[in-house]
Amino acid sequence: MRIGQMLGSGRSADVYELDELWVLRRYRDGLDATRELPVMSYLSASGYPVPRLGPQPPSAGPGDLVLQRLTGPTMLESLLNGGISGAEGSAVLARLLADLHTIPARVSPDPEDRILHLDLHPDNVMLTADGPVVIDWSNTEEGPPALDRAMSALILAQVAVAPDGPAADGARELLTALMPHLMAEGGIPAGRLADVAARRAANPTMSAAERALIGEAVTLVTALSR
């Protein structure tokens, strides 16, 4: 497997060029990608828009995934450059969450459980010529859909309440437009919001400054839920 230039870098992983069709996403700090493989395969078979999985070579480590090379901006990039509006972005996010939550859990025996992304926000949606594709399934679990709705709302709220944050106004606009969609799908119970707030506080990739915004972000989501 010949690894080409780095195409992008996130909080916990780097993406490298393999060829015109495939990229290698490689986790840093020893994180394991193998748990994502069956989930993404299951979602793809269910018709949900995830990157196709490529052939995993024998030389691949546990932190490596060969994925379809996607062409297009992230939703975040498109929102920041005016390619789409907050209202348009909120409708796409809401549909992606709602569609995901129609897919039954793969292993959980609870009939109410669904596949959850638990990090679905504009930087994890690629806007390709064939439609939006959801990337980065490192946090995926099975559970109640309200947990996923709460997490997406809280992530946006943390950006919205950041003092002097360059994306704060846009995040608040997006969150405000998104909340009616989330409420129509079942809302965000206080208990689920508290759960995701605790998860965010324990997230090792977040800075102390980001964690300090969680309380204010919870207050904003609560206010918009009324």
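The values are calculated or read from the model by the stated rules, or taken from the named source; none is laboratory data. Keep in mind the model is a prediction, meaning the values are calculated, not measured. Neighbour counts run over all protein chains shown; Cβ positions are idealised from the backbone, glycine included. For accessibility, only protein heavy atoms count, side chains too; no ligands or nucleic acids. Shrake-Rupley method; radii C 1.70, N 1.55, O 1.52, S 1.80 Å.
Structure above, values below:
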{"item": "V39 vs. criteria at pLDDT 85 or above, of a type outside the set (G, A, S) and within 16 Å of L70 (Cα to Cα)", "result": "no"}
{"item": "Residues of the stretch 1-36 satisfying the condition of being within 11 Å of V66 (Cβ to Cβ) and of a type in the set (K, R)", "result": "R25, R26"}
{"item": "Breaking point among (1) open to solvent by 20 Å² or more (accessible area, probe 1.4 Å); (2) within 15 Å of the chain's Cα centre (by Cα); (3) within 18 Å of S225 (Cβ to Cβ); (4) of a type in the set (G, A, S), for A150", "result": "(1)"}
{"item": "Number of positions in the stretch 111-140 that are open to solvent by less than 70 Å² (accessible area, probe 1.4 Å), of a type in the set (D, E) and over 26 Å from A168 (Cα atoms)", "result": "1"}
{"item": "Among (1) without any contact (Cβ under 8 Å) to a residue 60 or more places away in the chain; (2) under 24 Å from N203 (Cα atoms) - the single one I84 does not satisfy", "result": "(2)"}
{"item": "Near pairs, Cβ below 8 angstrom, 6+ apart or cross-chain, from the stretch 178-194 (at positive phi) to any residue that is surrounded by 22 or more Cβ atoms within 10 Å (Cβ to Cβ) and charged (D, E, K, R)", "result": "G186/R149; G187/R149"}
